[in-house]
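First up is the structure itself, then whatever we jot down about it.
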Amino acid sequence: MPYTAEISRDKPSCFLFLVDQSGSMDDPFGVGDGITRKKDGAVDALNRLLANLVIRCSKAEGVRYYFDVGVIGYGAVVGPAFAGPLAGRDLVPISEVADGPARVEDRLKKVPDGAGGLVEQQIKFPVWLDPVANGPTPMCQALRLAYSTCQRWVDAHPLSYPPTVINITDGEATDGDPTQPAMELMSLSTQDGNVLLFNCHLSSERAPAIEFPDAEPSVPDKYAALLYRISSVLPAPIRSAAQAEGYRVSDGTRGYVFNADMVSLIKFLDIGTRASNLR
Amino acid sequence: MDTEVCARFRVKSIPKSGNSPEQNEDAYFSHPKKGQAGTKRGRKLAFAVADGASEGFRTGEWASLLARAFYSQVLQKQFSWKKFVSQARGSWHDHETSYVQVRTREGRPLRWYEEALIQAGACAALLGLVLRAGQEPRRGTWEAFAVGDCCLFQVRGDRLLSSFPLQSSEQFSNSPSLICSKDSPGVLEPVPERIRGSWQAGDCFFLLTDALAAWFLRECEAGAKPWAELKQPAKAKDDKEFQRWVDSLRAKGLLRNDDCTVTVIELKQEKPARGNALSR
C-alpha cells in the first residue's frame with residue numbers, strides 16, 4: 001500500500017516549501033485585523049510549520065533525522081530562501097533546521113486558562129524566513145525548481161516516504177499556467193508513492209477558512225479552483241489521521257487550505273504515537 | 001491459614017529496530033529488587049507496564065516513573081487513581097525542574113524546541129495489574145487499570161479468558177488516550193478503564209505494550225493461539241532469544257517496528273507460608 005513507508009533515520013522523508021514572495025503578497029490578508037499582509041501570513045505559516053516539524057522529531061538526545069527540508073522562495077528571484085545560517089542551502093536535515101533559525105523571538109501565545117478564558121504565555125518563536133514581497137509570481141519556475149530538487153532526492157531515497165511539497169501563495173502566477181509543472185512534480189515518485197503537492201492559499205478576500213475540501217471551493221477568489229485542482233488527493237493514511245483529528249474527509253479530499261495554515265498537516269504524519277487527548 | 005498469591009514473572013523489553021536500548025520508551029515495574037525476573041509471594045502483588053509516546057519530552061522516563069509510582073501506590077491500603085496521577089505529576093515536575101537547573105548550570109541552556117517540548121509535557125500509556133489472594137488457596141481475584149493501548153491477556157490452559165482494555169486489533173491507532181505529565185487546560189483527563197476477574201493457579205497473564213498486543217490480537221482473530229508462541233521467547237533466560245523472535249516477526253511484516261515489552265506472569269501453587277510448615 002502506498003504512503004506507508006516508515007519515516008525513520010534510515011529512511012527519512014522530505015519536506016519542500018515553496019513561498020510566494022511576489023509584490024502582491026504585500027496586500028492585506030483576508031483574515032484577522034485587516035492590517036496583516038499576506039507576506040506576514042505566509043512566513044508565519046512557514047515558520048510554524050517548520051517549528052512543528054522540528055518538535056515532532058525532537059527527542060531527549062536531540063532532533064532525529066526524519067526529514068530533509070528545503071524552502072524555495074519565488075518573487076523577484078527564485079531560489080533557496082532560508083535566512084540566517086542556512087542561507088543559500090536547498091535541502092537541509094531537520095536537525096540542522098532545528099539548530100539553524102535566523103533568530104528565536106519571544107512571543108506571547110494565548111492559551112486556555114482552564115476557566116473558559118485565555119491567558120498569555122510566553123513562547124519561543126524560531127524564525128527561518130522574513131517577509132518579502134517584491135516582483136512577479138514565477139510559480140511555474142518555482143514548481144520546476146521543486147521538480148529538479150525532488151528528482152535528485154527521490155533518486156537518492158527510492159524506498160522512502162515520498163517528498164511533500166507545500167506551496168504557500170496567493171495564487172497569482174505570472175509566468176503561465178502552473179498546472180503542467182505541478183502535474184510533472186506530482187508524477188515523481190519513490191516506491192512508496194508519488195510526490196505530494198499541497199497548497200496553502202492566502203487570499204485578500206475576507207472569506208471563512210476552508211481546510212482540506214473534497215470539491216472545488218466556492219470562494220470569491222478566482223485562483224482557488226486552480227490551486228485546488230493542482231493539490232494532491234490525500235493518501236489513505238493521511239486521510240485516516242485527519243479523520244482521527246476530527247476533520248471530515250472523503251476519498252476526494254485534497255491537500256488544499258484557504259486562508260488557513262497547514263500546521264494540522266504535521267499532526268497527520270505517522271512518525272509515532274501521540275496522545276489523542278492533547279489538542 | 002492466610003493464603004498468598006505466588007507468581008513467577010519474567011519481563012523482556014527491547015527497543016524498536018534502529019534504536020539503542022537507552023532509546024526504549026517502554027517501561028515496566030514488577031519488583032523493587034528482582035528487576036526482570038523472579039518469584040513473588042504475598043497477599044497482594046502488583047505489576048505495571050507503560051509506553052511513552054514517541055512525541056514529547058523524555059517520555060520514556062515519564063513512562064518509567066508512572067510504572068514505578070503505580071506499583072507503589074496500588075500496594076497501599078487505599079488506592080486512589082487521582083492521587084496516584086497527581087503524585088506522579090508532582091515527582092515529574094521536580095524531575096523536570098532539576099533537569100533544567102542542571103542544564104543551565106552546565107552552560108547548556110535548553111534549546112527552543114526543548115522548551116516547547118517541556119511546555120507540552122510527556123505522555124504515556126499505562127497498564128497496571130493487581131493480584132489478590134482469595135479465601136481458598138490457589139485462587140484469588142485480580143484487578144487491572146489501563147489508560148491507552150498496553151494490553152493484558154489472561155490465559156487458562158488453552159483458552160484466552162480476558163483481553164483488556166482492547167479486544168480487537170482494529171482498536172489500535174497512533175493516537176491513543178494517554179496520561180500526560182501536565183494537568184493543563186486543553187488536555188482532557190483520561191479516565192482509566194478498569195476490570196476485575198478471578199485467577200487460579202496455572203493461569204498465565206501477559207502484559208504487552210501496543211505493537212505486541214496488536215500482533216497478539218491479530219493472531220487470535222486469525223484463529224491462532226499466540227500465547228503458545230509468545231511464551232517460549234518471553235520466558236527464555238536468554239534475552240537474545242526474544243530479540244531473534246521479535247526480529248523474525250518484524251522481518252515478516254507481522255509486527256510493527258516499535259518498542260516491545262512483555263511481562264509474563266504465571267500463577268503458581270503457593271508454598272506454605274513460613275511457620276506453617278511444621279503444622280502440616
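Laboratory data are not the source of any read-out in this text; all were calculated from the coordinates shown. The shown structure was predicted, so the numbers you read here are calculated from the model rather than taken from an experiment. For neighbour counting, all protein chains shown are included, and Cβ atoms are generated from backbone atoms with ideal geometry for every residue, glycine included.
Per-structure values
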read-out: Range of Cα positions in chain A per principal axis (Å), largest first; value: 51, 45, 41
read-out: In region B:129-203, GluC sites (Glu not before Pro) in a DSSP loop with at most 13 other beta-carbon atoms within 10 Å; value: none
read-out: Label-to-label distance, nm, for residues given as B:Ser173 and B:Lys77 (7 Å Cα→Cβ offset); value: 4.3 nm
read-out: Other-chain or far-sequence residues with amide H under 5 Å of B:Lys268's (modelled H); value: B:Cys6, B:Ala7, B:Arg8, B:Gly202
read-out: Region A:213-240 and region A:127-168: distance between their alpha carbon centers, rounded to Å; value: 19 Å
read-out: Selected from B:Ser177, B:Leu129, B:Leu117, residue furthest toward positive end of dipole (region B:63-189; charges at beta carbon); value: B:Leu129
read-out: Dipole of region A:20-70, positive direction: furthest Cα of A:Gly30, A:Gly62, A:Asn47, with charges on the beta-carbon; value: A:Gly62
read-out: Alpha-carbon spread of the protein assembly as shown, three principal axes, descending order, Å; value: 98, 47, 43
read-out: Cβ-based charge dipole, region A:1-102, positive-most Cα from A:Gln21, A:Met1, A:Pro85; value: A:Met1
read-out: Ellipticity estimate at 222 nm from DSSP helix runs (n ≥ 4, -39,500 (n - 2.57)) divided over the protein assembly as shown, nearest 500; value: -9000 deg cm²/dmol
read-out: A:Phe125 long-range amide H proximity, modeled H, under 5 Å; value: A:Glu105, A:Asp106, A:Arg107
read-out: With Cα atoms, 0 to 90° folded angle of helix B:81-105 axis to chain B main axis; value: 40 degrees
read-out: For region A:11-27, 3J(HN,Hα) per residue [Karplus equation, 6.51 cos²θ - 1.76 cosθ + 1.60, θ = phi - 60°, Hz, x = Gly/Pro]; value: 10, x, 10, 9, 10, 10, 9, 10, 10, 5, 10, 7, x, 5, 6, 7, 6
read-out: Rg/Rg_globular for region B:5-267, with Rg_globular taken as 2.2 N^0.38 Å and Rg from C-alpha atoms; value: 1.01
read-out: Helix B:239-251 vs. chain B, principal-axis angle (Cα, 0 to 90°, nearest 10); value: 70 degrees
read-out: Filtered trypsin sites (Lys or Arg not before Pro), region B:67-135: DSSP coil and at most 14 other beta carbons within 10 Å; value: B:Lys77
read-out: Region A:132-217: Rg to Rh, with Rh as the Kirkwood radius over Cα pairs; value: 1.01
read-out: Vicinal HN-Hα couplings computed from phi for region A:169-183 (Karplus, 6.51 cos²θ - 1.76 cosθ + 1.60; Hz; Gly/Pro x); value: 7, 9, x, 8, 5, 10, 10, x, 7, x, 4, 4, x, 5, 5
read-out: Nearest 10 degrees, 0 to 90: helix B:226-235 Cα axis against chain B principal axis; value: 80 degrees
read-out: Per-residue ³J(HN,Hα) for region B:211-222, Karplus 6.51 cos²θ - 1.76 cosθ + 1.60, θ = phi - 60°, Hz, x for Gly and Pro; value: 4, 5, 5, 5, 4, 4, 5, 4, 5, 4, 5, 8
read-out: Low-density loop cleavage sites - trypsin sites (Lys or Arg not before Pro) in region A:1-61, where at most 13 other Cβ are within 10 Å (DSSP); value: A:Arg9
read-out: Beta bridges by DSSP in chain A, antiparallel share as percent, to the nearest 5; value: 50 percent
read-out: For A:Val19, residues with placed amide H under 5 Å, excluding near neighbours; value: A:Ile72, A:Gly73, A:Tyr74, A:Ile168
read-out: Kirkwood Rh in Å, taken over all unlike Cα pairs in region A:67-181; value: 16.6 Å
read-out: Region A:105-170: mean projected area of Cα convex hull, nm²; value: 8.3 nm²
read-out: Distance histogram for region B:1-79 (every C-alpha pair counted, 10 angstrom bins, percent rounded to whole numbers); value: 18, 43, 27, 10, 2, 0
